[in-house]
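Novice: Sending over a structure as structure tokens; questions will come in a sec.
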Amino acid sequence: MIFHNHSEVPYYTFSSLDAYPRLRHAVLTRQGGVSPAPWNSLNLGWSVGDERDNVETNYRRWTRALDIDRAALTTTWQVHGNKIVLADAQHMGGVLAKADGLITRTAGIPLVQRYADCTPILAYDPEHHACGIAHAGWQGTVARCAEALVRAMVDAFASEPARLVTAVGPAIGPCCYEVGPEVIAAIGGSQSDPQTLLRPSRPGHAYLDLWQANTRQLREAGVRKVEVAGVCTACHRQTFFSHRGDHGKSGRFAAFIMLEP
């Protein structure tokens, strides 16, 4: 990822996606906002206990800094599944549905998802000028949300998976994400070669590699270009929110992707 030290709101971009001038995207950090601890400071989560005025001020701050239309922001009520929603000129702005991903072929719609250890997944189809974004924690990974994002773009836009350019953003890493028997069993029943995604720790527990799991799903769906941030949110709590690292009391950072005309 490439760091952009904007004077108001710092953010990151992916070099593979930066190569396309008609595409805009960013992974925001937890810095540059007004929220107090434990949500300090650019909290973009509405349901984590922060004051709504703080959250709205944070949204206005980052959209102003990146020259994005606040009213056009389009998101979902994230539910840790694999449903992907289409945004277009008739369906944009605000919360569209209970889902964990968005796709569009309409310019000017910033597709937004929020994270605090779950995996950001961004995708661009340069042939059909279409894009998408998804949110995958362990439940979304078990539900194969990354694969669902690719399939949704294939179905809606006739995208060719091999031509998609994708990115896997900052999420809790295999260094920190220890899971128990329930998650281990679910991974075993939903992923190819699951043992390579799990590093045993104490009895009945293992460290799960969400980065590799979602990258593998993209590749199994036919994607060839995957840029992986390789940044652990729990290890970098000064930069990103981490539900695990912040002991369950944390804000949410955001990623967005948007087509230019």
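All of the numbers you see were taken from the coordinates with simple rules; none came from a lab. Model, not experiment: these values are computed from the prediction. Backbone-built Cβ (ideal geometry, glycine too); neighbour counts: all protein chains shown.
Novice: Go ahead and estimate [θ] at 222 nm for the chain from helices alone: -39,500 (n - 2.57) per DSSP H run with n ≥ 4, summed, over the residue count, rounded to 500.
Specialist: For the chain, the value works out to -6000 deg cm²/dmol.
Novice: Out of all DSSP beta bridges with both ends in the range 2-259, state the antiparallel percent to the nearest 5.
Specialist: If we restrict to bridges inside the range 2-259, about 75 percent are antiparallel.
Novice: Which order do the peptides 196-206, 12-22 take when ranked by the mean count of other beta-carbon atoms within 10 Å per residue, highest first?
Specialist: Ranking, from highest mean packing down: 12-22, 196-206.
Novice: Next question, about the same structure. Measuring from centroid to centroid over Cα atoms, what is the spacing of the range 62-110 and the range 124-175 in Å?
Specialist: Distance between centres, Cα-based: 15 Å.
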